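Structure, as structure tokens:
What follows draws every value from the coordinates through simple rules; no lab data is involved. All values reported here derive from a predicted model rather than from experimental measurement. Note that each Cβ is placed from the backbone with ideal geometry, even for glycine, and that neighbours are counted across all protein chains shown.
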């Protein structure tokens, strides 16, 4: 699958010895349109709800994760099937349209669906057409008794994630999201040109596998901790979000409101805890 997620190009490298042509590998970036089919059996509705720029791979998980974290579906049983539609395109013959077919009895909040229509989701919440779409209708109550993570394990997250980034090794151009257990073991990792896509692929994989219980896990992302990523973690019931970069003010406010532990600047053997530090044990 690596061959569909990377492409070779000719580059001209400049250095002390002058200019030289060589080959380089880049991460593939292609649009993915997510279409939704829903409604009673005798009156089905088909609607395009999102176009996101993504790295090909795990497209079904991306679609399912997007629908779940945007609170359009609440559980995998509502999804009847996911399939590609439209012909393959481009040199790599990629399928860039996914249709998610809901069961006839699956209820869809039409107003929420309209509020969540994206012109593009590549830049996150700025694609949402209404301020009301930023709100959380409901999310699981996070555990108040844990998990408790040893602080020394947080320092190990960047190295463990980096070692698992298969496509990054070839291109250096992808974000990553990973789930870690409370003892620091890496459970699952996904990569994408968009960090929000990487998180949706991660959560979508768990959703489709029927493994949504993530109350004892930590989500680690390679970029900054935005409002949108904090929202996705909350919807999935993940109590700890850690990031290599900085959090935004809105991310901190949302984490504080819902009692999520938010950690930023995890690099160079240091990190900052912005909310709920009680989930960190001081065993450095």
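Which whole-number percentage describes the relative contact order of region 149-281, with Cα contacts under 8 Å and a sequence gap of 6 or more?
RCO, region 149-281: 21 percent.
Counting residues in region 206-284 as N, plug N into 2.2 N^0.38 Å and put the Cα Rg over that result.
1.06
How would you order 147-156, 185-194 from highest to lowest mean count of nearby Cβ atoms within 10 Å?
So the order, starting with the most tightly packed, is 185-194, 147-156.
Under the classification rounded if a/c is under 1.5, otherwise prolate if a/b is larger than b/c and oblate if not, where does region 147-284 fall, given a ≥ b ≥ c as square roots of the Cα gyration tensor eigenvalues?
Rounded, because the longest to shortest axis ratio a/c is under 1.5.
Using the per-residue mean of other Cβ atoms lying within 10 Å as a proxy for protection, in what order, highest first, do the peptides 28-38, 54-64, 206-216, 6-16 fall?
The densest-packed peptide leads the list: 54-64, 28-38, 206-216, 6-16.
At a Förster distance of 22 Å, what's the computed FRET efficiency of residue 145 paired with residue 187, Cβ-Cβ distance as r, to 0.05?
With a Förster radius of 22 Å, E is 0.60.
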